[in-house]
Amino acid sequence: MPHTQHPIEILRFNTCGSVDDGKSTLIGRLLYDSKSLMEDQVEALEKSADITGGGQINLANLTDGLRAEREQGITIDVAYRYFATPKRKFIVADTPGHVQYTRNMVTGASTANLSIVLVDARQGVIEQTRRHTFIAAMLGIPHLVIAINKMDLVEWRQERFQEIRDEIEDFLPKLDVFRDVKFIPISALHGDNVVDVSKFTPWYEGPTLLAHLENVHIASDWNLNAFRFPVQWVNRPNNPTDPMLHDFRGLSGQIASGIVRKGQQVAVLPGCIKTTIKDIWTYDGSLAEAFCPQSVTICLEHDIDISRGDIIVGLDSLPGMGSALRARICWMSTRPLQAGKRYFLKHGAQTLQAVVTQVEGRINMETLDLEPGPTEFRANDIGVIGLKTAKPLVYDGYTTNRLTGSFILIEQGTNATVAAGMLFPPLEVVKPEYTDFAI
Amino acid sequence: MSSYHLDHLQYLETEAIHIMREVAGEFERPALLFSGGKDSICLLRLSEKAFRPSDLPMPFLNIETGHEFPELIEFRDRRAKELGAKLIVRTVDEAIQKGWATPARGEISRNKLQIPALLGAIEEFQFDCAIGGARRDEEKARAKERFFSFRDSFGQWDPKAQRPEIWNLYNARVNPGENMRVFPLSNWTEMDVWQYIKKEHLAVPTIYFSHERECFRRGGQWIPVPPPHADATKPDPYAGARPKPTEPLKQLVVRVRTIADMISTGMIESPADSVDDIIGEVSAARVTERGTRADDKASEAAMEDRKKAGYF
Ligand SMILES: Nc1nc2c(ncn2[C@@H]2O[C@H](COP(=O)(O)OP(=O)(O)O)[C@@H](O)[C@H]2O)c(=O)[nH]1
Ligand SMILES: [Mg+2]
């Protein structure tokens, strides 16, 4: 059943792991066996099989959509695929395995609910397995699947499966963020335990990969805790004649976390002004309450000077505010990161200048420990840095809030995106000394 | 499931609205590419949701090949007017006259000639961003594209050096002369688009619904017979696109599934005459919508090559 006609939930997942572990083949297999492929796609696959594959269809060709990828038989950039079963809709990101394309792996993984890390059963755990599992954890992806692939090449031996599982379970406690971790023995090439149950794994009692994707609990993946609303766009109709529009002053944005209600008291930061929600305006009518990740337009009781980049927050749990920041970053440029360099930092709906004050330490991908002492980061290094921003930033720790705890660094001049950053929790939160709105 | 929960259309909608507001917040002179086709019809509704009660903060832009279905043009103009938006139309003909575009000998499709016409319009109006309705599920080069797709000063896409796009933090910075293409519907499928049209009660051009039309068979597709050559003082704009004696005409009950222009759109035989029928048809379909586009059948990398050169 290729599509469903009823509104259902979306699960976003990505495949990661080293080159040739079978990521692209697995996605091809999922699409093929769940009957999500159309005839012209199968035809195109078969056509390219005749030319390049000696008659064998290559499932990886379904996602390796660039000419350079097909020529080299590798994945360079993320490919997104879409399929649906009667239970869920899926947005799939097939991410590259090469270390040099880690930036693209991070791109595909950053919005996922679930990551599938593939391991080649013959090779077992290698550095890329640890790196990608580490990145998935660092990005705060709640659900993890370790798919031990190519089981057909190790005679479907349970001992081999268990060996690899043990090795991963040894380092998982260091990562300690996944809400659930599932180990599944599969053959992406032959389709065992992908959509259909394998007859070679009587010793495995868990679900197939697709059954797990259909059933894993994701309703609580969105953050409904502390209300945060980065103002994206000031909505001010320039209409002097219509009485409703004449005075309309809305603040448009997407709720980054929490729930907001009409009549609720809020603070506008960084100005520290307390006010009340007058209306939650949408094209489809006003709402009594709204929640993450809805896009709405908020009207406040008082006419305060607010612009893009300001943040409206709930009073029950306040964010941090400061210009000295510490963060984990994944460095994505071939030009090294060094202390003293200036970048643009984009956080929520604002961009400001920032300078790197310190390179604290780098993760050793063998041990997953933070090692102090590097003077610079090279492409694909992950580590901890200190930053100073030109103006105070209103933020949360990444572990409590993925959207107000993250930033990107942009190189000045080239405008290249050079880092993904995850902020450590603020040492202190905003002090509640608001200037109440003076009347 | 808690009540604080979005279904898949609501999720896709909020993602797209966020992106459109980022465009309004980050760019000086954005434009929205509006063709009158089903994807850009959804974009229009999303722009209303993003920006109302204000006026839409960007004009609409359309590049005509000169072979448009008249129903589509009529629909496009009417919608722009209803929404109070400024509509800018530039044509391939103008681009040819100005010497920006040169038709390849023997090629009848003007699809590729839209590229210089689009780049010309971007330069003329100094647009730094163009919002388009492309979806990743349409084609495998598109499946690789970012929401914010950077174009250099020649309008080119470099698929091997795309900016990483992490969380919902879009890097919208461009230098003068460069621009951004933004695709809010990236994560939408053909099914999502029709379900959204149904949910929002959006009007679509009548050619999406089943009607009688004279067609001829070419390249494995049913191609509509072009309108008669009215002005004999000018060269026939449809020269080469008219049926040859070896291509007999047939009166069929057809509709379009995806719209390019008249000479590159294959009609599908279909009795679907309501949005519900279309949804039923899409869910039972066994070929992708691009399977009906002559322009994509050229080669496996046809779309990638056009995109590198500056296509939508
Ligand atoms: N025997 C066997 N080969 C596999 C399996 N999965 C993938 N392969 C092969 O491994 C190679 C690399 O697969 P690919 O999907 O391109 O790996 P990626 O680099 O992780 O995307 C291809 O030749 C596949 O056919 C499997 O389960 N069993
Ligand atoms: Mg691959």
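Going by the structure shown, is A:Asp180 within 16 Å of ligand 1 (Cβ to nearest atom), within 21 Å of A:Phe13 (Cβ to Cβ) and charged (D, E, K, R)? Quick ask: steps written out before the conclusion?
Numbers: within 16 Å of ligand 1 (Cβ to nearest atom): no; within 21 Å of A:Phe13 (Cβ to Cβ): yes; charged (D, E, K, R): yes.
Spelling it out, it is not the case that A:Asp180 is within 16 Å of ligand 1 (Cβ to nearest atom), within 21 Å of A:Phe13 (Cβ to Cβ) and charged (D, E, K, R).
Between B:Arg136, B:Arg151, which is free of Cβ contacts under 8 Å to residues at least 60 places away in the same chain and among the basic types (Lys, Arg)? Spell out how you get there, then give the answer.
Numbers: B:Arg151 fails: free of Cβ contacts under 8 Å to residues at least 60 places away in the same chain.
Among B:Arg136, B:Arg151, only B:Arg136 is free of Cβ contacts under 8 Å to residues at least 60 places away in the same chain and among the basic types (Lys, Arg).
Specify which of the listed residues (B:Glu68, B:Glu123, B:Glu82, B:Glu64) is open to solvent by 40 Å² or more (accessible area, probe 1.4 Å) and more than 30 Å from B:Thr14 (Cα to Cα). Quick ask: steps written out before the conclusion?
On the way: B:Glu68 fails: open to solvent by 40 Å² or more (accessible area, probe 1.4 Å); B:Glu82 fails: more than 30 Å from B:Thr14 (Cα to Cα); B:Glu64 fails: open to solvent by 40 Å² or more (accessible area, probe 1.4 Å).
It is B:Glu123.
Restricting to the range A:72-84, and then to whatever is modelled with pLDDT of 90 or more and of a type in the set (Ser, Thr, Tyr), can you tell me which residue is nearest to A:Ser110 (Cα to Cα)?
For the range A:72-84, the residue satisfying everything is A:Tyr80.
Out of curiosity, is A:Asn235 over 30 Å from A:Leu26 (Cβ atoms), open to solvent by less than 50 Å² (accessible area, probe 1.4 Å) and within 11 Å of another protein chain (Cβ to nearest Cβ)?
On the way: over 30 Å from A:Leu26 (Cβ atoms): yes; open to solvent by less than 50 Å² (accessible area, probe 1.4 Å): yes; within 11 Å of another protein chain (Cβ to nearest Cβ): yes.
Criteria met by A:Asn235.
Could you tell me which of the residues A:Ile76, A:Ile116, A:Ile148, A:Ile126 is within 13 Å of ligand 1 (Cβ to nearest atom), touching a Pro at 6+ places or on another chain (Cβ under 7 Å) and away from chain B (no Cβ under 11 Å)?
Details: A:Ile76 fails: away from chain B (no Cβ under 11 Å); A:Ile116 fails: touching a Pro at 6+ places or on another chain (Cβ under 7 Å); A:Ile126 fails: touching a Pro at 6+ places or on another chain (Cβ under 7 Å).
From the options A:Ile76, A:Ile116, A:Ile148, A:Ile126, the qualifying one is A:Ile148.
Would you mind telling me which numbered condition in (1) over 26 Å from B:Tyr4 (Cα atoms); (2) in contact with a strand residue (DSSP E or B) (Cβ under 6 Å, 6 or more places away or on another chain) A:Arg261 fails?
Of everything listed in (1) over 26 Å from B:Tyr4 (Cα atoms); (2) in contact with a strand residue (DSSP E or B) (Cβ under 6 Å, 6 or more places away or on another chain), A:Arg261 misses just condition (1).
Please verify whether the range B:23-31 includes one or more residues that are open to solvent by less than 40 Å² (accessible area, probe 1.4 Å), modelled with pLDDT of 95 or more and at the interface with chain A (Cβ under 9 Å from one of its Cβ atoms). Working first, answer last.
Taking the range B:23-31 as the starting set, the residues that turn out to be open to solvent by less than 40 Å² (accessible area, probe 1.4 Å) are B:23-25, B:27, B:30-31.
Then drop every residue that is not modelled with pLDDT of 95 or more, which leaves B:23-25, B:27, B:30-31.
From the residues that got through so far, the ones that are at the interface with chain A (Cβ under 9 Å from one of its Cβ atoms) too are B:24-25.
Yes; the residues of the range B:23-31 include at least one that is open to solvent by less than 40 Å² (accessible area, probe 1.4 Å), modelled with pLDDT of 95 or more and at the interface with chain A (Cβ under 9 Å from one of its Cβ atoms).
So, in the range B:76-133, exactly how many residues are outside any helix (DSSP H, G or I) and among the basic types (Lys, Arg)?
Filtering the range B:76-133 for residues outside any helix (DSSP H, G or I) gives B:83-91, B:98-113, B:126-133.
From the residues that got through so far, the ones that are among the basic types (Lys, Arg) too are B:86, B:90, B:98, B:105, B:110, B:112.
Total meeting the criteria: 6.
Assigned to a helix (DSSP H, G or I), within 9 Å of chain B (Cβ to nearest Cβ), within 29 Å of A:Ile363 (Cβ to Cβ) and open to solvent by 20 Å² or more (accessible area, probe 1.4 Å): which single residue out of A:Arg103, A:Arg70 fits that description?
On the way: A:Arg70 fails: within 29 Å of A:Ile363 (Cβ to Cβ).
Answer to the check: A:Arg103.
Mind telling me which of the residues A:Gly140, A:Gly97 ends up being in a loop (DSSP other than H, G, I, E, B), within 14 Å of ligand 2 (Cβ to nearest atom) and more than 30 Å from B:Ala285 (Cα to Cα)?
On the way: A:Gly140 fails: within 14 Å of ligand 2 (Cβ to nearest atom).
Residue meeting the stated conditions: A:Gly97.
Answer yes if at least one residue in the range A:388-397 is more than 13 Å from chain B (Cβ to nearest Cβ), over 29 Å from B:Arg21 (Cα atoms) and assigned to a strand (DSSP E or B), and no otherwise.
no
Can you find a residue that is open to solvent by 50 Å² or more (accessible area, probe 1.4 Å) and more than 30 Å from B:Gln162 (Cα to Cα) anywhere in the range A:124-142?
no
Working carefully through the options B:Phe147, B:Phe183, find the one that is surrounded by fewer than 23 Cβ atoms within 10 Å (Cβ to Cβ) and assigned by TED's automatic domain parsing to the domain that holds B:Ala24. If you could, list the steps in order and put the result at the bottom.
Details: B:Phe183 fails: surrounded by fewer than 23 Cβ atoms within 10 Å (Cβ to Cβ).
Answer to the check: B:Phe147.
Can you work out which of the residues in the range A:59-82 that are under 19 Å from the mean Cα position of the chain (by Cα) and closer than 13 Å to B:Arg136 by Cβ is nearest to ligand 2 (Cβ to nearest atom)?
Once the filter is applied, the top-ranked residue is A:Ala79.
When you go through (1) within 14 Å of chain B (Cβ to nearest Cβ); (2) over 23 Å from the mean Cα position of the chain (by Cα); (3) among the polar types (S, T, N, Q) one by one for A:Thr351, which number turns out not to apply?
Only one criterion is unmet by A:Thr351, namely (2).
How many residues does the range B:7-17 contain that are facing chain A (nearest Cβ under 7 Å) and more than 25 Å from B:Lys81 (Cα to Cα)?
So in the range B:7-17, the residues facing chain A (nearest Cβ under 7 Å) come out as B:7-9, B:11, B:14, B:17.
The next check asks that each one be more than 25 Å from B:Lys81 (Cα to Cα); those that pass are B:7-9, B:11, B:14.
Count: 5.
Please indicate, with yes or no, whether at least one residue in the range B:199-207 is within 11 Å of chain A (Cβ to nearest Cβ) and crowded, with 24+ Cβ neighbours inside 10 Å.
Checked against the condition, which is being within 11 Å of chain A (Cβ to nearest Cβ) and crowded, with 24+ Cβ neighbours inside 10 Å, the range B:199-207 yields no hits at all.
Looking at (1) touching a residue at least 60 places away in the same chain (Cβ under 8 Å); (2) under 28 Å from A:Leu315 (Cα atoms); (3) of a type in the set (A, V, I, L, M, F, W, C), find the lone condition where A:Leu352 falls short.
(1)
Tell me, please, whether a residue that is in contact (Cβ under 8 Å) with a residue 24 or more places away in the chain, in a strand (DSSP E or B) and open to solvent by less than 20 Å² (accessible area, probe 1.4 Å) can be found in the range A:371-379. Steps first, answer last, please.
Of the residues in the range A:371-379, the ones in contact (Cβ under 8 Å) with a residue 24 or more places away in the chain are A:375-379.
Those left that are additionally in a strand (DSSP E or B): A:376-377.
Still in the list and also open to solvent by less than 20 Å² (accessible area, probe 1.4 Å): A:377.
Yes: the range A:371-379 contains one or more residues that are in contact (Cβ under 8 Å) with a residue 24 or more places away in the chain, in a strand (DSSP E or B) and open to solvent by less than 20 Å² (accessible area, probe 1.4 Å).
Please go through the range A:333-350 and pick out each residue that is assigned to a strand (DSSP E or B), open to solvent by 50 Å² or more (accessible area, probe 1.4 Å) and over 24 Å from A:Ile135 (Cα atoms). So that I can check it myself, show each step before the final result.
So in the range A:333-350, the residues assigned to a strand (DSSP E or B) come out as A:337-338, A:342-347, A:350.
Those still in the list that are open to solvent by 50 Å² or more (accessible area, probe 1.4 Å) too: A:338, A:342.
Result: A:Arg342, single match.
Restricting to the range A:398-432, name every residue that is of a type outside the set (Val, Ile, Thr), within 14 Å of chain B (Cβ to nearest Cβ) and part of a loop (DSSP other than H, G, I, E, B).
At the first step, the residues of the range A:398-432 found to be of a type outside the set (Val, Ile, Thr) are A:398, A:401-403, A:405-407, A:409, A:411-413, A:415-416, A:419-428, A:431-432.
Right, trim to within 14 Å of chain B (Cβ to nearest Cβ) and you get A:398, A:401-403, A:405-407, A:409, A:411-413, A:415-416, A:419-423.
Those that are of a type outside the set (Val, Ile, Thr), within 14 Å of chain B (Cβ to nearest Cβ) and part of a loop (DSSP other than H, G, I, E, B): A:Tyr398, A:Asn401, A:Arg402, A:Leu403, A:Gly405, A:Gln412, A:Gly413, A:Asn415, A:Ala416.
From the residues in the range B:55-75 that are in a helix (DSSP H, G or I) and hydrophobic (A, V, I, L, M, F, W, C), which one is nearest to A:Ile298 (Cα to Cα)? Can you show your working first?
Initially, the range B:55-75 is screened for residues in a helix (DSSP H, G or I), giving B:70-75.
Still in the list and also hydrophobic (A, V, I, L, M, F, W, C): B:72-73, B:75.
Details: B:Leu72: 37, B:Ile73: 37, B:Phe75: 33 Å.
Filtering first and then ranking leaves B:Phe75.
Mind checking which residues of the range A:199-227 are open to solvent by 10 Å² or more (accessible area, probe 1.4 Å) and within 16 Å of ligand 1 (Cβ to nearest atom)?
Listed by number, the residues that qualify are A:Lys199, A:Phe200, A:Tyr204, A:Thr208, A:Leu210.
When the range A:258-306 is examined, which residues are found to be among the polar types (S, T, N, Q), within 14 Å of chain B (Cβ to nearest Cβ) and outside any loop (DSSP other than H, G, I, E, B)? I'd like the intermediate steps shown before the answer.
Let us first name the residues in the range A:258-306 that are among the polar types (S, T, N, Q), namely A:264-265, A:275-276, A:282, A:286, A:294-295, A:297.
Still in the running and within 14 Å of chain B (Cβ to nearest Cβ): A:282, A:286, A:294-295, A:297.
A:Ser295, A:Thr297 - these are the residues of the range A:258-306 that are among the polar types (S, T, N, Q), within 14 Å of chain B (Cβ to nearest Cβ) and outside any loop (DSSP other than H, G, I, E, B).
Condition first: in a loop (DSSP other than H, G, I, E, B), touching a Leu at 6+ places or on another chain (Cβ under 7 Å), open to solvent by 10 Å² or more (accessible area, probe 1.4 Å) and more than 12 Å from chain A (Cβ to nearest Cβ). Can you find one or more residues in the range B:43-54 that meet it?
Looking for residues that are in a loop (DSSP other than H, G, I, E, B), touching a Leu at 6+ places or on another chain (Cβ under 7 Å), open to solvent by 10 Å² or more (accessible area, probe 1.4 Å) and more than 12 Å from chain A (Cβ to nearest Cβ), one finds none in the range B:43-54, hence no.
Can you tell me which residue is nearest to B:Arg45 (Cα to Cα) among those in the range B:90-113 that are open to solvent by less than 40 Å² (accessible area, probe 1.4 Å) and at pLDDT 90 or above?
Per the criteria, the residue is B:Thr91.
Somewhere in the range B:169-183, is a residue assigned to a loop (DSSP other than H, G, I, E, B) and over 30 Å from B:Glu124 (Cα atoms)? Let's see the steps before the verdict.
Here is the first cut: in the range B:169-183, the ones assigned to a loop (DSSP other than H, G, I, E, B) are B:170-178, B:183.
If we keep only those that are over 30 Å from B:Glu124 (Cα atoms) too, we end up with none.
Scanning the range B:169-183 turns up no residue that is assigned to a loop (DSSP other than H, G, I, E, B) and over 30 Å from B:Glu124 (Cα atoms).
The values are calculated or read from the model by the stated rules, or taken from the named source; none is laboratory data. None of these values were measured; they are calculated from a predicted model. Glycine gets a Cβ as well: all are built from the backbone with ideal geometry, and neighbour counts include every protein chain shown. When the accessible area is computed, the model is the full protein with side chains, heavy atoms only, and any ligands, DNA or RNA have been set aside. Shrake-Rupley method; radii C 1.70, N 1.55, O 1.52, S 1.80 Å.
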